[in-house]
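The values are calculated or read from the model by the stated rules, or taken from the named source; none is laboratory data. Note that the coordinates shown come from a computational prediction; the quantities given were computed from them, not determined experimentally. For neighbour counting, all protein chains shown are included, and Cβ atoms are generated from backbone atoms with ideal geometry for every residue, glycine included. For accessibility, only protein heavy atoms count, side chains too; no ligands or nucleic acids. Shrake-Rupley method; radii C 1.70, N 1.55, O 1.52, S 1.80 Å.
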Amino acid sequence: MTISIGNKLKKLRKNKGYSQEEVANLLHNSQSTYARIENGESHSSANHIVKICEVYEITPEELIKSDSVVIGNIGTNNGVGYAEVVNQLSEKLIEQYELRLKEKDEQIKNLKTQIEK
C-alpha cells in the first residue's frame, strides 16, 4: 500500500468519525495492524480491500485513484502514459482478487475434505 492510499484511508476514517480501533474491529484486525495500513507500512490492505471499501462506502477504484484531475493533454510521466498506469493498477487489482479467490477455493476444498473424514 502506498502512503497516499494510507493517507486517503486516514481522511476517510476521520470524516466518518471513527477511531482506528473501531475500523480495525470492523475489519476483524488489531488496531496496530490497521495503523500500519494507514501509515503505508503494510500491504495487507489488499486482503481487506472489499471490506475497507464497504466500511467507507466507496469502490476499490475510488480508493486507489489519484485525487488529482488532469485536464487537456494527458501526456506521459517518466515515459509512461497515464492510461498505461491506470491499466497496470487495474491488472494488479485483478491479480489480487484472483489470488484471493484461489485461496478461498482451497480453503473450501480443505474444509469439505475435513467434513468428509
Test residue 78 against the stated conditions and say whether it is open to solvent by 100 Å² or more (accessible area, probe 1.4 Å), modelled with pLDDT under 90 and out of contact with any helix residue (DSSP H, G or I) (no Cβ under 6 Å at 6 or more places or on another chain). yes
Selected residue (criterion: modelled with the lowest pLDDT) from residues of the stretch 1-36 that are in a helix (DSSP H, G or I) and among the polar types (S, T, N, Q): 4
Could you go through the stretch 37-50 and let me know if any residue there is within 13 Å of the chain's Cα centre (by Cα) and modelled with pLDDT of 90 or more. no
Can you tell me how many residues in the stretch 34-54 are crowded, with 16+ Cβ neighbours inside 10 Å and under 23 Å from residue 103 (Cα atoms)? 10
